[in-house]
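Structure record follows, encoded as structure tokens.
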Amino acid sequence: MLFARRFSVFAISALLLSGCQTTVENKWVSANNTASSTNENSTDTAISNIPALIIDREEMYEVGRDPYAYRSIPPNSRPVSSSTEGGLWYAFDKAEDKSRTAGNLIRDDELQSYLDGIVCKLSGPYCGDIRVYIQEVPAFNATMAPNGMMSIWSGFILRAQNEAQLAAVIGHEIGHYIRRHGIQRLEDKVAKSDFGVFVTLVGAAMGVPVAGDIVGLLFAGSILSFSRDNEREADLIGIHLLAKNGYDTREAAKVWQQIISENDPDGESSSTTTFLGTHPSSAERQETLSQLANELQGEGKWGKVYQERFNAIVGPWKQRFMEDDIRLGKWDETLRLIEILEESGTPNSHIAFYRGEVYRKRGQEGDSEADEAENQKDDVDRAIAEFKKAISDNTSIANTYRSLGLSYQSKGMNAEAKRAFIAFLERVPNAKDAKMIKYMIDTMGAPIS
Amino acid sequence: MLFDPGIKGVAMTFIHHKNIGPMIFLITAVFALSACQTAAVYTSDILKRPDASIKVVVMPIDIELSELNAGGSLTTRADWSEAARGYMETELNAFLATKNVSSAKYVPLTDNVDPHSKEVQLSKLFGTVGTAISIHQYIPAYNLPTKANQFDWSLGPDVKVIADRYDADYALFTYIRDSYTTAGRAAVIIFAAILGAGVQGGQQYGYASLVDLRSGEIVWFNRLARGTGDLRTGARASETVDALMIEFPK
């Protein structure tokens, strides 16, 4: 044991020494490798109000004032390859190569240039440093990798109600990039796991076997608070970018309002969402953002939401993204989302189609919680009622007829099913499943008894 | 999760590092379940030589070198990785020359982001098949009943697009993940050893695979999983290449 103690001094020294090396590096090379500048911080003022904002709002940090002392990344720069941050970029550059050819990447010139345009406008001098990937993922999110790879998920595009809401989230992600939250998180994690193993070993040497568990808890807690600070910082930058570019700053809080009403409609903390622990609570963010909106713009000075061009470009995608969401089979969540879309001006015929689809699919798959046979029958009837409502309007979605046909067919109402299928094929003669629908029309016999 | 540098998005999900997570699991599994010996598998110990000359296309080397920190987290080193790719290329070409084989460096089609491109799909497919072989061929617990006593993996006949572009006979795919113990980790290893616990140091994990560009069959495959090897300097890279290319067909 004495031997062990003697060596523990050596081990502790070595750990502390290695800890000393993790000072923050601020070495940059020009992104196009034509020129280089090191240790210069000439462009913290590129988005000029950011440092001041952060100093003014020290109360938003859980771990103290100016806790990171990280400089913002200058525009048109990448970290030198010998740094930890350079390694992080290297890894994400490789990940980005895969994103470029990913199967769920949405390749649409109009939508792409619309979102690229918002990114460019908000990020100003960083425009060339951020690349947008639109991914078909039915969840409410957007992400920013340390190297400037931004992913916008289709589930977020579905829920955004205007351009200002898109910009609110995009501005938040730009904040993560400029403030280098990727390297902050990595270095924090390395430092804390190093500290964790150190405490565990010292604890073990002293015969304290539970040290590992305590360390684990402390570790998790400090990582989360670190992450929450990052989120607050990104929120703050995001809303300032909205104000600077003439967007209505109230829309940032509305994004959070929508997350709350979708996930936690009764105001009870729901465990179905994983982001609650690692992010400031949605309610806190909504409140802070509302307050900031009032400070930045206020009554009579609100910016724009650019509803018309948003509807023209994003509107046509919503049906596809809504159908993705319905396929998740989370009926209650989807019905709440449909309600939100209904309140925000989605055409009634579309809403009726979406509701009908949820009932139709729920009827097919059953709902384990309730009296199954009876409920399934009810669901088919509900679906048919919704589809009928939808087609009474000339704005209806063509797929409504197919779904109506399938619903009638499942009830054995073959004559009605045939009529609906024929109406569907008249509207979409080249549908992917046209052959199957034709086959069903031809072979449908007498009503199933 | 040992390594997770991703930034939180606005709502709920991390961007995970694409490779490290499963690889850590794999490395652990490989070390836990099999000895660290190297053994190649192959369908034939000679290369088919339709005429005197034979050409191998060296596919882009998928390589990452990283530092293993005291607490077990990995930080990628871009400078080491980029230099090591160069050393590997040089040494692989030299190795192939000793086998009397000419080599060509594969250059991806410029800005090819078409997900339906055969070349794009082939490089993804190789990643999947290579990982599958390194698990199912080398870890007894994961041996596949349908592959007992036979080595018959293939990328399919679409590899012909590479054969045609380079007028080549074979393609060589390589994958390397190499980590190096930091001073802090070394201290942990020593301290833990005194307490009677084993703590892992840096490891070199990787595989190489030779694909017949006429049939798509993988004719030779080797895996490295060891606690030695150094790709940080050109001088020692040949040792890793020799270990990786062991039992390469004549």
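Listed peptides A:96-102, A:306-312 appear in the order A:96-102, A:306-312 once ranked by packing, highest mean of other Cβ atoms within 10 Å at the front. Gyration tensor over the Cα atoms of the range B:110-176: the corresponding equivalent ellipsoid has semi-axes (square roots of 5 times the eigenvalues, largest first) of 27, 14, 11 Å.
Other residues lying with their Cβ under 15 Å from the Cβ of A:Leu122 contribute a combined charge of -2, Lys and Arg counting +1, Asp and Glu -1.
If R0 equals 22 Å, the separation of the Cβ atoms of B:Ser154 and B:Ala104 corresponds to a calculated FRET efficiency of about 0.50. Short-range pairs are left out: with C-alpha atoms under 8 Å and at least six residues apart, the relative contact order of the range A:296-418 is 20 percent.
Kindly put A:Lys318, B:Lys118, A:Lys254 in sequence by how many other C-beta atoms sit within 10 Å of each C-beta, fewest to most.
B:Lys118, A:Lys318, A:Lys254
Ellipsoid fit via the Cα gyration tensor, the range B:193-250: semi-axes of 31, 15, 8 Å, each the root of five times an eigenvalue, largest first. Taking the number of Cβ atoms within 10 Å of each Cβ as an exposure proxy, the fewest-first ranking of B:Val57, A:Val428, A:Val169 is A:Val428, B:Val57, A:Val169. Using the Karplus relation 6.51 cos²θ - 1.76 cosθ + 1.60 with θ = phi - 60°, the per-residue 3J(HN,Hα) values for the range A:135-140 come to 10, 7, 10, x, 8, 7 Hz, with x marking Gly and Pro. Inter-chain neighbour count for A:143-152: the average number of beta-carbon atoms from partner chains within 10 Å of each residue's beta-carbon is 3. Among the residues of B:61-67, the average count of other protein chain beta-carbon atoms within 10 Å of the residue beta-carbon is 2. Among A:Glu251, B:Glu247, B:Glu67, the ranking by other beta carbons within 10 Å of each residue's beta carbon, starting with the fewest, stands as B:Glu247, B:Glu67, A:Glu251.
If you plug the beta carbon distance of A:Glu299 and A:Glu333 into 1/(1 + (r/R0)^6) with R0 = 41 Å, you get a FRET efficiency near 0.70.
Write down the Å³ per residue value for the convex hull defined by the alpha carbon atoms of the range A:88-155.
Convex hull volume per residue, Cα atoms: 87 Å³.
Values in this text are rule-based calculations from the coordinates and carry no lab data. For clarity, every value in this text was computed on a predicted model and none was experimentally measured. For neighbour counting, all protein chains shown are included, and Cβ atoms are generated from backbone atoms with ideal geometry for every residue, glycine included.
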